[in-house]
Amino acid sequence: MRRLILAISALLLPLLAAPSALADPYVDNALIDELFAELALSDDENEADAISRQIWFAWFSPNDIKLSTRMSVATNLLGEGDPEGSLVELNHVVEEYPDYAEGWNQRATLHFRFGNYEESLADIEKVLAIEPRHYGAMAGRVLIFLQQDRRLDALRQMREALLIHPYLNERRLFPELERDITHV
């Protein structure tokens with residue numbers, strides 16, 4: 001069985017580590033591709049979490065100083081308890097930098113927080129068009145589907161996300177996946 005899993009992983013790895021068709025022009029895509037390749041081969045949750053943190057850092061580190069500043073402002077506003085101000089700033093980010101996946105993802109997160117699920121789903125579509133491996137956006141979609149009582153859709157999306165990040169915390173929302181995460 002382990003040989004079968006390794007054989008399947010070897011076939012899927014080039015697809016999972018392949019850069020997006022659009023490729024986010026504001027991040028270090030070569031680094032992110034390398035990290036995704038490592039994530040696909042991670043042996044345990046701790047290793048996967050460490051790699052995941054590096055991916056998030058790369059996503060949150062745009063190479064454009066103005067964009068980086070805007071994202072910092074949005075993050076700081078949120079941290080200061082001003083989610084509405086953060087949303088205004090993220091609106092500017094996605095208008096000025098429509099190819100920056102994390103801008104869309106952060107706005108999707110705020111829409112989710114406000115209960116604007118359809119707006120969040122629309123932003124998630126933008127994220128995944130730029131970075132199809134964005135497991136954070138996929139996990140967000142899972143949570144929205146669960147809020148909308150669309151458990152089967154949530155389970156399908158969770159299975160897709162687990163192909164990219166096999167140790168996502170959201171998998172715990174699905175006891176049927178907890179039995180054996182190698183058989184998603």
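Values for this structure:
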| quantity | calculated |
| --- | --- |
| In order through the stretch 78-84: 3J(HN,Hα) via Karplus (6.51 cos²θ - 1.76 cosθ + 1.60), integer Hz, x for Gly, Pro | 5, x, 8, x, 10, x, 5 |
| Simple Cβ-charge dipole of the stretch 2-178, Lys/Arg +1 and Asp/Glu -1, about Cα centre, in debye nearest 20 | 540 debye |
| Along each principal axis, Cα extent of the stretch 2-178, largest first, Å | 51, 38, 28 |
| Cβ-based exposure ranking for VAL94, VAL88, in which fewest neighbours within 10 Å come first | VAL88, VAL94 |
| The stretch 86-184: projected area of the alpha-carbon convex hull, averaged over directions, in nm² | 5.9 nm² |
| Loop sites in the stretch 80-116: chymotrypsin sites (Phe, Trp or Tyr not before Pro), DSSP, at most 15 other Cβ within 10 Å | PHE114 |
| Value of relative contact order over the stretch 2-178, rounded to a whole percent, pairs C-alpha under 8 Å and six or more apart | 19 percent |
| GLU176 paired with THR69, simple spin-label distance in nm, labels 7 Å along Cα-to-beta-carbon | 5.1 nm |
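Only the coordinates and a few stated rules stand behind these numbers; no lab work does. Values in this document were obtained by computation on a predicted structure and should not be read as measured data. Backbone-built Cβ (ideal geometry, glycine too); neighbour counts: all protein chains shown.
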